[in-house]
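Here the structure is laid out as structure tokens; the discussion comes afterwards.
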Amino acid sequence: MNKISYIIIALIAISGMALSGCSKFLEFESYGPPTYENYWKTDDDVRAAVDGLSFWQAREGIDGRGLMWFENCSDNLVTGRSQSEGDQIKNFQMSADNGRDVRQNWPIMYQLIAKANDILANVPDMKITEGVKNNAVAQAHFYRAFAYLWLAPWYGDNGPNGGLPIVTEATAFEDLDAPRPASVLENYDMIISDLTKAADLLPLMSQQAKADWGRPHKAAAWAFAARAALYAAQFDAKYYQTVLDMTGKIMALSGSDKRELYSNYQNLFTESANYSSEYIFSIQGTAVEGPKFAGMSFQNGGWGHYNTWGYFQPTYELFSAYESGDVRRDATILFPNQHIEFYGQNIHFGVKPEAISSTSGMTFRKWMHPFRKKEDAGIYFSTNGNNQSTRMSIPLIRYADILLMRAETLIWTKGEGDEEAKRLINQVRERAGLPQNSSATKAQLMNERRCELAFEYQPSRHLDLVRWKTAQQEYAKPLHGVKTHLKSDGSFDRVEVVEIWPARTFNPGIHHVFPIPQADISKSKNLKQNQGY
């Protein structure tokens, strides 16, 4: 293949044409083979190409609502405001032409794959500084794996549908409209391979300049490889060994690279903890631009103070999953009669002001720390309520997840009661203010993951239920919320638990994956839709 083919793809993406797909994903014929050379020549050219690998961030469909429409299927969440297409997704009635912004993930991640392939096709043979070359190759491997891992669990399987089209730097131009591989395990193998190659070249975080914090590093590559292997293990138990290997590498780090649980769970979701000992990889933002995730599920309209959106809200099932004394519950969920500082106001939730927009009568507190003070607008969070970016990073993987992935693997491979699994789970429980009395059962592991990682952009409760094969059972139950009752003088009286979402029908032969966006199916001759959609 002519190595600059992918440069043509990247140029098309830069021009804006690729917003409808990965440079019209799987439909490259109309552009013809490239006919010019030497697009990149210098170290600075390559550094700019590497910086371009972050183009996917700060997009509403990627780090705002995006994949949360899929996560909203879980028993942790309900759609917090009227949204018919969102309700269709939650009720497993989604069509391939659904208009919610989750549809942006497929084309944008394939754009990221194309940009990574540009680098891998061209940079290794360039006469540039070796350190610049190695960094570019490492980040290209990392982000290609990242993009496939972002998509594969939602769209691929080891059954009737198969994996996601594999496009690499070695793919011939005429073969870019690739068919789906027989199994998503081919994707996971590629992801793990890419992340292993990336880790070999990436620095430790301690070796990064402070200005480079947030970029890929060794521990991040190992962590995502562990996640890919855990997802793959639902189809083939041999991948559990990779989970152990990769989590073991992270746990063996020492000195300033040593990862450990941040001491205070309540303060974990603040700007001050962006690069704490628990950090592994996050999406960064500023008060001008960044992830739109933080405020999207607080009170719709923010009582007129600041425009939060009210989209996804906690269920009473999630609230009840926390044990008595678990500090994570009140750090995660704002319950009626509790207080929160919001935009300079002391909000007595459900009392003063009385109005609650949430379907469930509760809302999420977890990401609201940046929005405390009105005078911080423009400094810690965006002045634009239609943007909501903040200086607080949104974790995509953190050390608690490493401990729980390893504990799960030990329980699933060595049996319940495994001593190392007990120690790992008890570390998480200790930070939560709970007794260190785990028996390391499957049920306990499942609940610890639920409580520790609730309403984080990754990982996913829904994907956990699917791979544990408990989704059909759990989704056959109705979901509940609370209704606040006040006394005649306006003070708080009580809450009433009420049903807010009926039981749903989850077909494990269809609903374990979601439909590929119809716009991307239509652009391809070979891309096949998931069965049942």
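The values are calculated or read from the model by the stated rules, or taken from the named source; none is laboratory data. Keep in mind that this is a model prediction, so the values were computed, not measured. Ideal geometry is used to build each Cβ from the backbone, glycine not excepted, and the neighbour counts take in all protein chains shown. These area figures cover heavy atoms from the full protein model, side chains too; ligands, DNA and RNA do not enter into them. Shrake-Rupley method; radii C 1.70, N 1.55, O 1.52, S 1.80 Å.
The residues of region 482-510 that are in contact with a helix residue (DSSP H, G or I) (Cβ under 7 Å, 6 or more places away or on another chain), open to solvent by less than 40 Å² (accessible area, probe 1.4 Å) and under 30 Å from G159 (Cβ atoms), listed by number, are R504, F506. Screening the candidates E354, E341, E375, E408 for the property of being among the acidic types (D, E) and crowded, with 21+ Cβ neighbours inside 10 Å yields one hit, E408. Taking the criterion of being modelled with pLDDT of 95 or more, in a loop (DSSP other than H, G, I, E, B) and surrounded by fewer than 19 Cβ atoms within 10 Å (Cβ to Cβ), would at least one residue in region 161-168 satisfy it? Yes, that holds for at least one residue.
From the list D200, D177, the lone residue that is acidic (D, E), open to solvent by 10 Å² or more (accessible area, probe 1.4 Å) and in a loop (DSSP other than H, G, I, E, B) is D177. When restricted to residues that are part of a helix (DSSP H, G or I), small (G, A, S) and open to solvent by less than 20 Å² (accessible area, probe 1.4 Å), region 309-323 contains 1.
For region 312-358, a residue qualifies if it is under 22 Å from V497 (Cβ atoms) and either among the polar types (S, T, N, Q) or in contact with a Cys (Cβ under 6 Å, 6 or more places away or on another chain) (or both), and the qualifying residues are Q313, T315, S320, A321, Y322, S324, R328, T332, N337, Q338, S357, S358.
Conditions tested, residue by residue: (1) open to solvent by 10 Å² or more (accessible area, probe 1.4 Å); (2) in contact with a Gly (Cβ under 8 Å, 6 or more places away or on another chain); (3) charged (D, E, K, R); (4) assigned to a strand (DSSP E or B).
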| position | (1), (2), (3), (4) |
| --- | --- |
| S263 | yes, no, no, no |
| S272 | yes, no, no, no |
| I280 | no, no, no, yes |
| E289 | yes, no, yes, no |
| F298 | no, yes, no, no |
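Of all residues being of a type in the set (S, T, N, Q) and more than 13 Å from L244 (Cα to Cα) in region 411-432, which is least open to solvent (accessible area, probe 1.4 Å)? Just the residue, please.
In the first step, residues of region 411-432 are kept if they are of a type in the set (S, T, N, Q); the result is 413, 426-427.
Of the ones still in play, those that are also more than 13 Å from L244 (Cα to Cα) are 426-427.
Numbers: N426: 20, Q427: 77 Å².
Taking the candidates together, the pick is N426.
Of the residues making up region 69-78, those that are in contact with a strand residue (DSSP E or B) (Cβ under 6 Å, 6 or more places away or on another chain) and outside any loop (DSSP other than H, G, I, E, B) are L77, V78.
For region 416-436, state whether one or more residues are touching a helix residue (DSSP H, G or I) at 6+ places or on another chain (Cβ under 9 Å) and among the polar types (S, T, N, Q). Yes: region 416-436 contains one or more residues that are touching a helix residue (DSSP H, G or I) at 6+ places or on another chain (Cβ under 9 Å) and among the polar types (S, T, N, Q).
Return the residue satisfying two criteria in turn: it lies in region 79-102 and is among the aliphatic types (A, V, I, L, M) and assigned to a loop (DSSP other than H, G, I, E, B), and of such residues it is surrounded by the most Cβ atoms within 10 Å (Cβ to Cβ).
Residues of region 79-102 among the aliphatic types (A, V, I, L, M): 89, 94, 96, 102.
Still in the list and also assigned to a loop (DSSP other than H, G, I, E, B): 94, 96.
Details: M94: 22, A96: 17.
Top of the filtered list is M94.
Could you figure out which of (1) outside any helix (DSSP H, G or I); (2) open to solvent by less than 10 Å² (accessible area, probe 1.4 Å); (3) on the phi < 0 side of the Ramachandran plot isn't true of P435? (2) is the only condition that P435 fails.
Residues that are within 26 Å of S282 (Cα to Cα), assigned to a loop (DSSP other than H, G, I, E, B), under 20 Å from the mean Cα position of the chain (by Cα) and not aromatic (F, W, Y) occur at least once in region 143-158. Of a type outside the set (K, R), touching a Leu at 6+ places or on another chain (Cβ under 7 Å) and in contact (Cβ under 8 Å) with a residue 40 or more places away in the chain, is that true of S460? No: the conditions fail for S460.
Selection of first residues in region 331-352 that are in contact (Cβ under 8 Å) with a residue 60 or more places away in the chain and of second residues that are of a type in the set (G, A, S) and crowded, with 20+ Cβ neighbours inside 10 Å, restricted to Cβ pairs under 6 Å at least 6 apart or on distinct chains, gives the following pairs, ordered by first then second residue: T332/A454; P336/G350. Tallying residues that are open to solvent by less than 20 Å² (accessible area, probe 1.4 Å) and either part of a loop (DSSP other than H, G, I, E, B) or out of contact with any strand residue (DSSP E or B) (no Cβ under 9 Å at 6 or more places or on another chain) (or both) within region 247-258 yields 2.
When K469, K525 are checked against the criterion of being in contact with a Leu (Cβ under 9 Å, 6 or more places away or on another chain), in a loop (DSSP other than H, G, I, E, B) and surrounded by fewer than 20 Cβ atoms within 10 Å (Cβ to Cβ), a single residue qualifies: K525. If you go through region 441-457 and keep only what is open to solvent by 30 Å² or more (accessible area, probe 1.4 Å) and assigned to a loop (DSSP other than H, G, I, E, B), you end up with just T441.
So, of the residues in region 236-246 that are among the charged types (D, E, K, R) and outside any loop (DSSP other than H, G, I, E, B), which turns out to be surrounded by the most Cβ atoms within 10 Å (Cβ to Cβ)? Ranking the candidates gives D245 first.
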